[in-house]
Amino acid sequence: MRGKVAKREIQPDIIYDNVLVSKLINQVMRKGKKTVAARIVYQAFDLIKQKTKKEPLDIFEGALSNASPLLEVKPKRVGGATYQVPTEVKGDRKVALAMRWIIGAAKSKKGKPMAEKLSEELILAYNNEGSTIKKKLDMHRMAEANRAFAHFSR
């Protein structure tokens, strides 16, 4: 039987002393280039501060809470048929999904530096708009549509 993988302790980042910012840097990072990822995130935070005149950490945390899904659908096989069963999203997964969606939406934009795209996406998510929020609402709609199969969840 498979065991549970131990959670790794992530160190808070240098500037904001925040674990969530560290996680964001790790998610933005490609090919182990952490200094490049950190520069992108900190530039994005500086841009947020310039654009909104608010504390970037507040905007970031607000964006994460707005983009975090409450429900998701998981496939479950029951007697040859696969049903999409709506389930509640637990703590860490909420944050991970929100970050993944925000970064994915920023990457999919074209023609600007990554820091600029990331700052725009965070501000949009903070204001409850943009493709990240659309993705969350689509996931909620899917869970709502498959509500009839909720009794299959354990």
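Only one of the numbered conditions (1) part of a helix (DSSP H, G or I); (2) loosely packed, with under 13 Cβ neighbours inside 10 Å; (3) in contact with a Pro (Cβ under 7 Å, 6 or more places away or on another chain) is not met by K49, and that is (2).
When you scan region 1-41, how many residues do you find that are within 16 Å of D58 (Cβ to Cβ) and in contact (Cβ under 8 Å) with a residue 60 or more places away in the chain? Counting residues in region 1-41 that are within 16 Å of D58 (Cβ to Cβ) and in contact (Cβ under 8 Å) with a residue 60 or more places away in the chain gives 3.
Among the residues of region 109-154, which ones are in a helix (DSSP H, G or I) and closer than 16 Å to I40 by Cα? Passing the criteria: M114, A115, E116, K117, L118, S119, E120, E121, L122, I123. Looking only at residues of region 69-96 that are surrounded by fewer than 15 Cβ atoms within 10 Å (Cβ to Cβ) and of a type in the set (K, R), we find that the one that is farthest from the chain's Cα centre (by Cα) is R77.
For region 85-100, the criterion of being basic (K, R), in contact with a Leu (Cβ under 9 Å, 6 or more places away or on another chain) and not in a loop (DSSP other than H, G, I, E, B) is met by at least one residue. Whether any residue in region 122-140 is touching a Gly at 6+ places or on another chain (Cβ under 6 Å) and at pLDDT 90 or above is what I want to check. Looking for residues that are touching a Gly at 6+ places or on another chain (Cβ under 6 Å) and at pLDDT 90 or above, one finds at least one in region 122-140, hence yes.
The values are calculated or read from the model by the stated rules, or taken from the named source; none is laboratory data. Because the structure is predicted, anything quoted here is derived from the model rather than measured. Note that we place each Cβ from the backbone using ideal geometry, even for glycine, and neighbour counts take in every protein chain shown.
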